[in-house]
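Scroll down for the structure; my scribbles are underneath it.
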Amino acid sequence: MHIPKHHPGWIRGLQPTPEELYLNRRRFLQGLGLAAIGGAGLPLLGAQAAPPGSGSSVREIQGATGTVTQQTAPSDIYPAPRNEKFKLDRPITDERVAARYNNFYEFTVEKDLVWMLVEKFRTEPWRIEIGGLVEKPATVDLDELIRAMPMEERLYRHRCVETWAMAVPWTGFPLSALLKEVQPKNSATHVRFVSFLRPEEAPGQAEDRRSPWPYQEGLTIAEAMNELTLIATGIYGHPLPKQHGAPIRLVTPWKYGFKSIKSIRKIELVDHQPATFWNTLIPDEYDFAANVNPGKPHPRWSQATEWMIDTRDRRKTLLYNGYKEFVAGLYG
Ligand code: MTE
C-alpha cells in the first residue's frame, strides 16, 4: 500500500517475519449480552439467540511479546461446515505466516508488527449497526448475529494490491443473508462499511491524525448481494484473531484486499457511491471498484503477477482473481 507523504510510517518491505508462535485454546465461560438492542427488525436474530452464558471460547497467541487475547465466540460455531463450491487452485497458506503478515493501518503500517500491537484493542462486547435506507434497521450483538446467520467455511484466494497473496479458509456468512433481514429500500444503490475509531487502543490511528479515519469501504448493491461477498468472523476454523480484523470483517475475493474492511462497526445502505479510505487519500491509485485485473497496472507497479506470502511462489494474477464465473456479469 502506498504511504501518503504526511504518513509517519514507512513499509519495511514485502517480507513475512519468520517467528515462532504456538496456539493455545481454552474454555472461557462468560455471560454475554445477546439481546438485540434498538431497531424493530431482525426477528430471525431474536428467535435464534442463545441464552447468556451458554459458553464461548477464548484464543490466545503466545509469542515473544507475550499473550494476545483474541475474540471470544460461541464455542460450537467453529469450525463451520465447509462449502465445497469454493475451490482453491493452490495450497492453503500457512496460518502462522498469515497471522504475522497483515495490513491493518489502525495499528501500524508495518505488516510484520501488527500482531504485536493489537493487544489493547477491545473486540468485545461488539455491536454492529445496520441502518440507512432499510426497512428494518437494527443494532445487534456479534454473538447474536453469528447464531442467526448461516455460518459456513469457504476457501478463498486473497490478492493484495501490493502483489502479495494468500489462500485461506474464512468462516462467515453471505452478506446477502444479512441484507435480506434488514430489507434494503428501493432507493439504496450502495452499501457503506465503517470500521472503528479508537486512537487510545490503536497506535496507528493515534500517530496518524490526518488520514480519513475511521477506515471505510463500499460496494454497489449488486456486489453486496453477490454470492461471493462474505462477512467473516473466523479464519482457519476459529474466531478471527485481532490482526485479521476481529471480530467481523468483509471478504470480497475478486477485489484487491483493501476492499475487505476489517473490524466493522456499521453497515449502512445509501443512495450514492460512498467515500472510501484509500480512494479519498489517493484516488488516482485506488479506485472504488478495485477489481483484480492483471492487465491494468497500478500507476507504480505491474499487477501481472503475485507472490504467496508463505512459499514465495510467484503466480500469474487472474482476472477477478479467478472468480470471473461469479462476478463477470456484474460489470457487463
Ligand atoms: N481494514 C481496516 N480497517 N484497516 C486496514 O488497514 N487493510 C486492508 C484490508 N482491510 C485494512 C483493512 C488491506 S490493504 C488488506 S490487503 C487486507 O485488509 C489484509 O487482510 P489480512 O491482514 O487479514 O491479510
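The values are calculated or read from the model by the stated rules, or taken from the named source; none is laboratory data. All values reported here derive from a predicted model rather than from experimental measurement. All Cβ positions, even for glycine, are placed from backbone atoms using ideal geometry, and neighbour counts span all protein chains on display. Surface accessibility is based on the protein's heavy atoms, side chains included, excluding ligands, DNA and RNA. Shrake-Rupley method; radii C 1.70, N 1.55, O 1.52, S 1.80 Å.
A few points about this structure:
- The residues on offer are Val134, Val140, and the sole one that is hydrophobic (A, V, I, L, M, F, W, C), surrounded by 21 or more Cβ atoms within 10 Å (Cβ to Cβ) and over 18 Å from Lys259 (Cα atoms) is Val140.
- All positions within region 95-121 that are part of a loop (DSSP other than H, G, I, E, B) and either open to solvent by 50 Å² or more (accessible area, probe 1.4 Å) or not charged (D, E, K, R) (or both): Ala99, Tyr101, Asn102, Asn103, Tyr105, Phe107, Val109, Leu113, Val118, Glu119, Lys120, Phe121
- Of the residues Lys180, Lys185, the single one that is of a type outside the set (Asp, Glu), open to solvent by 10 Å² or more (accessible area, probe 1.4 Å), more than 17 Å from Tyr105 (Cβ to Cβ) and touching a strand residue (DSSP E or B) at 6+ places or on another chain (Cβ under 8 Å) is Lys185.
- Checking Leu155, Leu145 one by one, the residue that is surrounded by fewer than 20 Cβ atoms within 10 Å (Cβ to Cβ), closer than 16 Å to Thr233 by Cα and at pLDDT 95 or above is Leu155 and no other.
- So Val161, is it surrounded by fewer than 24 Cβ atoms within 10 Å (Cβ to Cβ), within 10 Å of the ligand (Cβ to nearest atom) and β-branched (Val, Ile, Thr): yes
- Residue check, Pro274 assigned to a loop (DSSP other than H, G, I, E, B), of a type outside the set (S, T, N, Q), surrounded by 13 or more Cβ atoms within 10 Å (Cβ to Cβ) and away from the ligand (no atom under 13 Å from the Cβ): yes
- Residues considered: Asn226, Asn279. Of these, the only one that is touching a residue at least 40 places away in the same chain (Cβ under 8 Å), surrounded by 19 or more Cβ atoms within 10 Å (Cβ to Cβ) and more than 10 Å from the ligand (Cβ to nearest atom) is Asn226.
- Positions within region 291-321 being open to solvent by less than 70 Å² (accessible area, probe 1.4 Å) and under 25 Å from Arg96 (Cα atoms), in sequence order: Thr305, Glu306, Trp307, Met308, Ile309, Asp310, Arg315, Thr317, Asn321
- Hits in region 243-271 (condition: part of a loop (DSSP other than H, G, I, E, B), open to solvent by 40 Å² or more (accessible area, probe 1.4 Å) and either under 11 Å from Glu217 (Cα atoms) or basic (Lys, Arg) (or both)): Arg265
- If the condition is being polar (S, T, N, Q) and either open to solvent by 40 Å² or more (accessible area, probe 1.4 Å) or within 16 Å of the chain's Cα centre (by Cα) (or both), then region 190-223 contributes Ser195, Gln216, Thr220.
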